[in-house]
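> Sharing a structure below in structure tokens format, with a few things to ask.
None of the figures in this text is laboratory data; all of them are computed from the coordinates on show. What you see is a predicted model; the values in this text were computed from it and never measured. Cβ: placed from backbone, ideal geometry, glycine included. Neighbour counts: every protein chain shown.
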């Protein structure tokens, strides 16, 4: 009783919390921050009571609950179901700012003063995306540019204790060939390169490179030194402590790292000179496409655009596996395109194994019975959890071995097996004018007892006893 009372109260609280979330509405004098916080609190309350609310469902309830001056933005947001709750918060904050500033210029009677007030109000607007003034998030060019990109164009680098972590920042550029170009980046805190072949004294060390985008990061797989040919002076320079980031878009030279090691950067026209401690010019970064580029060629030239097969005259077996196990007919058609050695006697073990089919059970040659009621199979089903309308928990299955005809009888207890079999015997022996000669069952006690044994002996019925699994197989195989 105590359990039922507490369970009912918990269910009631869950129902009340769900209804409260479904009926969520924005109050007349409630601001957007309080409204979103109230919605999140209701979602947390539902989750604590066992009623899971996804972020998409929460966003739906928040949009549906907008009323009054937010009716227009509500209709727009109904068509943008993919917005997260954080995106909705920024959009509604922006709309709230616009709504609060609508009536302010009307209080000024002078047209010149009205223009001044409106201009000041516009200057106070701050974009919730880039945090820059004089525009709103829907007109933010930075947001539109980032959303149009398939991959984040912003990278950055910082190190944390023993783990190798980095954060780098570079400007948006067009897709160009950057085989020998390094970007001089004042936002990167470590040198980074994307080609493994450039390294010497390489040490494996996994870490992460955090991007400027929200929850974006890349994997780093080591650190080492890089030697490269300086195109500006024709000398060889060595860059120490370079992080290997294979998914990086451009090789980066960290300006802050250079300055920490005593290098100076002097601006000269459209370039920057990098000067060492002794006043010697090490290299020069040229301004191209609104970025500072340093031309550093690798000491070992290599071709990263084309990878050729080492041996075009590979064997038939290798090309058969490369082409997803093509048969011999299609392999001959590929001969005009691929040069491989023909082998008419080739046999693929994987292909043979995949084509093997299961063999059927051989048919039973000897007949189990030659007439109806000559062989009877019987089995009692275990008690079921739910009783029938008549209160029965068991059912008895009787199958004729010759015709395959089966009969089912509902029983309330195991003691009814004998009486049910007696009724079956009397009815069908009289109906077919034949006698039951053999009864085949398992070794359960409902068939192995004194009453059943005495009854079978009285009428001369042979009792064959089998294991339960064998009995089921024999019943299935005996059916025509």
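> Suppose R0 equals 41 Å; then what is the FRET efficiency for residue 227 and residue 290 from their Cβ-Cβ distance, rounded to the nearest 0.05?
0.90
> Cut-off is 10 Å between beta-carbons; in what order do 461, 436 appear when sorted fewest neighbours first?
Fewest-to-most ranking of 461, 436: 461, 436.
> As an exercise, use a Förster radius of 45 Å and the Cβ-Cβ distance of residue 433 and residue 356 to find the FRET efficiency, rounded to the nearest 0.05.
FRET efficiency, residue 433 to residue 356: 0.30.
> Additional query: Is segment 1-96 rounded, prolate or oblate when judged by the Cα gyration tensor, a ≥ b ≥ c being the square roots of its eigenvalues, rounded requiring a/c under 1.5 and prolate requiring a/b larger than b/c?
Prolate, because a/c is 1.5 or more and a/b exceeds b/c.
> Return a whole-number percent for the relative contact order of segment 375-465, with Cα pairs under 8 Å and 6 or more residues apart as the contact set.
Worked out over segment 375-465, it gives 26 percent.
> What length, rounded to one decimal in nm, is gained on full extension from residue 132 through to residue 100, with 0.36 nm per residue of separation minus their alpha-carbon distance?
9.5 nm
> Evaluate the distance, in nm, between pseudo-label points positioned 7 Å from the Cα of residue 342 and of residue 265 along their respective Cα→Cβ axes.
6.6
> Mind giving me the FRET efficiency for residue 397 and residue 30? R0 is 60 Å, r the Cβ-Cβ distance, nearest 0.05 is fine.
So, using R0 = 60 Å, E works out to roughly 0.30.
> Also, quick follow-up: Quick check: pseudo-label points 7 Å beyond the Cα along Cα→Cβ at residue 48 and residue 76, how many nm apart are they?
It works out to 3.6 nm between the two label points.
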